[in-house]
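Here is the structure we will look at.
The values are calculated or read from the model by the stated rules, or taken from the named source; none is laboratory data. Just so we're clear, the structure is a prediction, and the values are computed from it rather than from any experiment. Cβ placement follows ideal geometry from the backbone for every residue including glycine, while neighbour counts extend to all protein chains displayed.
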Amino acid sequence: MTKRRYERPVITKHHSGFMNKFGNSPVSVPKTEIDGVAVKKLTEEYGSPLFVISEKQIRQNYKNLFRIFRSRYPKIQMTWSYKTNYLNAVCSVFHNEGAWAEVVSAFEYDRARKLGIRGENIIFNGPDKDENALIRAIEEKAKIHIDHFDELYQIIELAEKMGKQAQVAIRVNMDVGIYPKWDRFGFNYENGEATEALRRIAINKNLKLIGLHTHIGTYMMSTEAYRTGASKLVHLANLLKSQFGLVLDYIDMGGGLPSYNTLKGQYLQAEELLPTLEQYADAITAPFFELNYSSDEMPTLFLENGRVLIDDAGFLITQVLANKRLSDGKRAIIIDGGVNILFTSFWYKHKISPAQQTSVHTENAAIYGPLCMNIDCIREDIVLPTLKKGDQLVVHHVGAYNVTQWMQFITLRPNVVMVMEDGSVELIRKSEDLDYIMSLESIPAKLQTGVK
């Protein structure tokens, strides 16, 4: 006979009044495996906390988004947003599927080149492209998206000195009805900056204008904002053709599509609030048919999505360190993963599941990480069953931004593994140790006297 698990007595507070429309408290469904691999087995081999990436889910997400857009507009080129998650294994899965690289720094550009991506298949965005990076991008025929006039003048000067023609587009910011506006990047549509920049590029023999680009924001919940953005870029494209005879190779609509992570402040779950991917695709592609282009001139639609393709492919496995009661009597659960490795917990109410069978008794709790900082709160309020020291939790939808924005603070960054399509598990980033961290430092000679 299997010994039954002991559970401490629990006092459950009952509230009188009307039932809400959601009925009883939610039941926590255990997440005991990821793509068929037991959570317990993963942590036994790779430790806790542990990031887990699903290759299968990445490929499914990519194929689904590509299918949805291509069924509405046949000329589609997906590009992978490196800043979302630039682990080599993750980028390689997207490149295997056919995605180009979208980068926003020389660092990311160099990563893409080391992974074998040709310069001509790199979209180079961002406001900070140093001279060496621009020279390399011009030589390798990368698609340089110009962010401001100072960069435009620098590219003109460099291309002239090099005797080469730079392949360029401009980033356009605009009013799409979402506030605050994302107007710190690119040239403004409404005040005429974008038109002036395009005019200067069109008449310069060392620049070849090949595209237009916009990125209207992040976690965009409005399809109409995308429709407005696409319409304004189409207007600029028609203007270029009528005034200069220029036909663009592509129009880049950026990224910003949301994942099904629920934002803090949202009452309903994200999947109940967000438009479908089909609705986003309809809004983005419809204005393209207003282009004054012949059928064989139609530009390629570039997409730079990140979060929507990777968020639900990432999990963080953590372990309960302790339970305690706060001053108001609320339960607090301390886990071994903090905001230093789960940066997105500052704006998402991440779904969190027990990784083992639990009691049917639930209680509202706050979840804190191990850091000696009061801001280290993973969830301010969540309904969970009774947990004990050593129990495991799985944090869902953590594939975007966490392994690019994480920091070595108080604790070291953990292992990252990928569950492959065939069910095997590969270590794709080793955890840090003290020797690695200290190898990057040096002690001045005059401070070494007396150091033991």
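Of everything in region 175-196 that's touching a strand residue (DSSP E or B) at 6+ places or on another chain (Cβ under 9 Å) and crowded, with 22+ Cβ neighbours inside 10 Å, which residue is farthest from E151 (Cα to Cα)? Across region 175-196, the extreme among qualifying residues is A194. Residues of region 214-245 that are under 13 Å from Y189 (Cα atoms), among the small types (G, A, S) and buried (at least 19 other Cβ atoms within 10 Å of the Cβ): G229, A230, A237. For region 79-90, state whether one or more residues are touching a Leu at 6+ places or on another chain (Cβ under 7 Å), without any contact (Cβ under 8 Å) to a residue 24 or more places away in the chain and farther than 22 Å from D282 by Cα. Looking through region 79-90, none of the residues is touching a Leu at 6+ places or on another chain (Cβ under 7 Å), without any contact (Cβ under 8 Å) to a residue 24 or more places away in the chain and farther than 22 Å from D282 by Cα.
In region 361-401, which residue that is under 28 Å from the mean Cα position of the chain (by Cα) and among the hydroxyl-bearing types (S, T, Y) is surrounded by the most Cβ atoms within 10 Å (Cβ to Cβ)? Here the residue is Y368.
Could you check how many residues of region 86-110 are of a type in the set (F, W, Y) and under 16 Å from V403 (Cα atoms)?
We begin by selecting, within region 86-110, every residue of a type in the set (F, W, Y); these are 86, 94, 100, 107, 109.
Pick out the ones that are also under 16 Å from V403 (Cα atoms) and you get 86, 107.
Qualifying residue count, region 86-110: 2.
Taking region 258-275 as the range and being touching a residue at least 60 places away in the same chain (Cβ under 8 Å) and crowded, with 16+ Cβ neighbours inside 10 Å as the test, the residues that pass are S259, Y260, N261, T262.
For region 306-329, a tally of residues being closer than 30 Å to N121 by Cβ and modelled with pLDDT under 95 returns 0.
Which count do you get for residues in region 186-209 that are of a type in the set (V, I, T) and outside any helix (DSSP H, G or I)? Break it down stepwise before answering.
Taking region 186-209 and keeping what is of a type in the set (V, I, T), we get 195, 201, 203.
Now drop any that are not outside any helix (DSSP H, G or I), which leaves 203.
Here the count works out to 1.
Number of residues in region 159-174 that are among the aliphatic types (A, V, I, L, M), surrounded by 17 or more Cβ atoms within 10 Å (Cβ to Cβ) and under 17 Å from E120 (Cβ atoms) equals 4. For region 54-136, the strands (runs of 3 or more DSSP E) that sit wholly inside it and include 3 or more residues that are assigned by TED's automatic domain parsing to the domain that holds Q165 are 100-103, 122-124.
Being modelled with pLDDT of 95 or more, surrounded by 22 or more Cβ atoms within 10 Å (Cβ to Cβ) and assigned to a helix (DSSP H, G or I): is that true of F51 here? No; evaluated as a whole, the condition is false for this residue. Checked against (1) farther than 13 Å from M220 by Cα; (2) of a type in the set (S, T, N, Q); (3) outside the structural domain of L384 (by TED's automatic domain parsing); (4) at pLDDT 95 or above, S345 passes all but a single condition, namely (3). I'm checking my understanding of the structure. Among residues of region 137-171 that are acidic (D, E) and assigned to a loop (DSSP other than H, G, I, E, B), which one is farthest from A197 (Cα to Cα)? It comes out as E140. Residues in region 292-332 that are without any contact (Cβ under 8 Å) to a residue 60 or more places away in the chain and touching a strand residue (DSSP E or B) at 6+ places or on another chain (Cβ under 8 Å) were compared, and the one that is farthest from G36 (Cα to Cα) is L326. Would you check which residues across region 309-344 are within 20 Å of the chain's Cα centre (by Cα) and surrounded by fewer than 24 Cβ atoms within 10 Å (Cβ to Cβ) and list them? Across region 309-344, the qualifying residues are D312, V339, N340, F343, T344.
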